[in-house]
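Accompanying notes for the structure given below.
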Amino acid sequence: MTTFVLIPGAACGSWHWHLLEAELRARGRAVVSVDLPCEDDAAGLEEYADAVVAATAGRGRLMLVAHSFAGFTAPLVCARVPVEVLVLVAAMVPLPGEAPDEWWAATGHPDAQVRRAGRAAQWAGDGTGAEGVPEAAVPGSAADPFFQDLPPELAAEAVVRWRRQSETPAARPWPMQTWPDVATRFLLCRQDRLFPAPFLRAVAAERLGVVPDEMAGGHFPMLSRPVELADRLERYGATTAG
């Protein structure tokens with residue numbers, strides 16, 4: 001049986017996958033939802049990959065599902081354990097030697113203000129940042145780059161579920177020399193405010209040479225559309241196996 005390995009993005013944890021995990025388990029699927037050491041200032045991308053490898057020990061067929069910042073981590077895992085398919089969900093795609101901090105300018109991300117709003121929201125949620133609550137941390141606000149399409153109660157919980165994200169992995173170059181030799185699928189979300197659809201179409205084409213698949217929703221489809229996302233993941237698994 002394929003094991004769906006859910007790898008969170010920056011400042012996130014297994015909670016951010018809980019609706020998708022429940023949906024997949026209800027279908028009889030094996031699921032591993034990984035918590036990365038994002039609060040540990042000694043941990044970089046290699047240590048993030050260590051956490052994924054440890055969580056999947058003893059399992060056979062693996063589908064890695066990497067969200068957002070996990071696009072830097074998941075390929076490292078593919079180089080260390082057999083992976084059948086890598087699914088990038090609204091994810092960053094690195095180049096050899098590129099640090100995550102450099103990725104934004106290198107890809108021509110169109111809106112530094114959105115990036116700053118995202119970091120402000122995370123800092124407010126994890127309690128390490130700032131005084132007061134920025135507009136970006138108000139679910140559904142005009143500045144919310146993450147949870148604008150969630151029901152209000154779920155969005156409010158998502159905001160307070162942020163973890164502290166160390167800056168350590170963002171400062172270190174991506175250590176791989178090339179993209180791993182593994183079937184790779186890219187899925188973007190058409191209403192994503194953090195990574196707008198036209199931007200990610202260009203990133204996927206330029207860095208992976210693929211035309212991404214698309215679905216409705218914002219940056220967290222695992223919370224806003226878990227059933228549709230589960231459907232797509234199952235199809236990716238069936239297509240790869242075929």
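The values are calculated or read from the model by the stated rules, or taken from the named source; none is laboratory data. These numbers come from a predicted model, not from an experiment. Neighbour counts are summed over all protein chains in view; Cβ atoms, including those assigned to glycine, are modelled from backbone coordinates with ideal geometry. All accessible areas refer to the heavy atoms of the entire protein, side chains included, with ligands and DNA or RNA removed. Shrake-Rupley method; radii C 1.70, N 1.55, O 1.52, S 1.80 Å.
Can residue 82 be described as within 22 Å of residue 164 (Cα to Cα), of a type outside the set (Lys, Arg) and either touching a strand residue (DSSP E or B) at 6+ places or on another chain (Cβ under 7 Å) or without any contact (Cβ under 8 Å) to a residue 40 or more places away in the chain (or both)? Walk me through it before giving the result.
Numbers: within 22 Å of residue 164 (Cα to Cα): no; of a type outside the set (Lys, Arg): yes; either touching a strand residue (DSSP E or B) at 6+ places or on another chain (Cβ under 7 Å) or without any contact (Cβ under 8 Å) to a residue 40 or more places away in the chain (or both): yes.
Answer is no for this residue.
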- Task: Name the strands (runs of 3 or more DSSP E) wholly inside segment 1-96 in which the number of residues that are of a type outside the set (Phe, Trp, Tyr), under 15 Å from the mean Cα position of the chain (by Cα) and surrounded by 24 or more Cβ atoms within 10 Å (Cβ to Cβ) is 2 or more.
- Result: 3-7, 62-67, 85-89
- Could you list all residues from segment 155-171 that are touching a helix residue (DSSP H, G or I) at 6+ places or on another chain (Cβ under 8 Å) and surrounded by 15 or more Cβ atoms within 10 Å (Cβ to Cβ)? 158, 159, 161, 162, 163, 164, 165, 169, 170
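Across segment 147-162, what is the total count of residues that are under 26 Å from residue 233 (Cα atoms), touching a residue at least 12 places away in the same chain (Cβ under 8 Å) and out of contact with any Ser or Thr (no Cβ under 7 Å at 6 or more places or on another chain)?
Going residue by residue through segment 147-162, those that are under 26 Å from residue 233 (Cα atoms) are 147-151, 154-155, 157-159, 161-162.
From what is left, the residues that are touching a residue at least 12 places away in the same chain (Cβ under 8 Å) are 147-150, 154-155, 158-159, 161-162.
Now narrow it down to the ones that are out of contact with any Ser or Thr (no Cβ under 7 Å at 6 or more places or on another chain): 147-148, 154-155, 158-159, 161-162.
Number of matching residues: 8.
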- Test: residue in segment 227-240 that is buried (at least 18 other Cβ atoms within 10 Å of the Cβ) and free of Cβ contacts under 8 Å to residues at least 12 places away in the same chain: no
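Filter segment 178-208 for residues that are open to solvent by 50 Å² or more (accessible area, probe 1.4 Å), more than 27 Å from residue 79 (Cα to Cα) and part of a helix (DSSP H, G or I) and give the result.
First, the residues of segment 178-208 that are open to solvent by 50 Å² or more (accessible area, probe 1.4 Å): 178-179, 181, 185, 190-191, 193, 198, 201, 205-206.
Next, only the ones that are more than 27 Å from residue 79 (Cα to Cα) stay: 190-191, 193, 198.
Passing the criteria: only 198.
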- Note on the structure: From the option list 110, 100, 139, single residue qualifying as of a type outside the set (Asp, Glu), modelled with pLDDT of 70 or more and open to solvent by 30 Å² or more (accessible area, probe 1.4 Å) is 110
- Message: Can you find, within segment 209-242, the residue that is nearest to residue 62 (Cα to Cα) among those that are outside any helix (DSSP H, G or I) and among the small types (Gly, Ala, Ser)?
- Response: 242
- Task: Name the single residue, out of those in segment 142-154 being at pLDDT 90 or above and over 27 Å from residue 204 (Cβ atoms), that is most open to solvent (accessible area, probe 1.4 Å).
- Result: 153
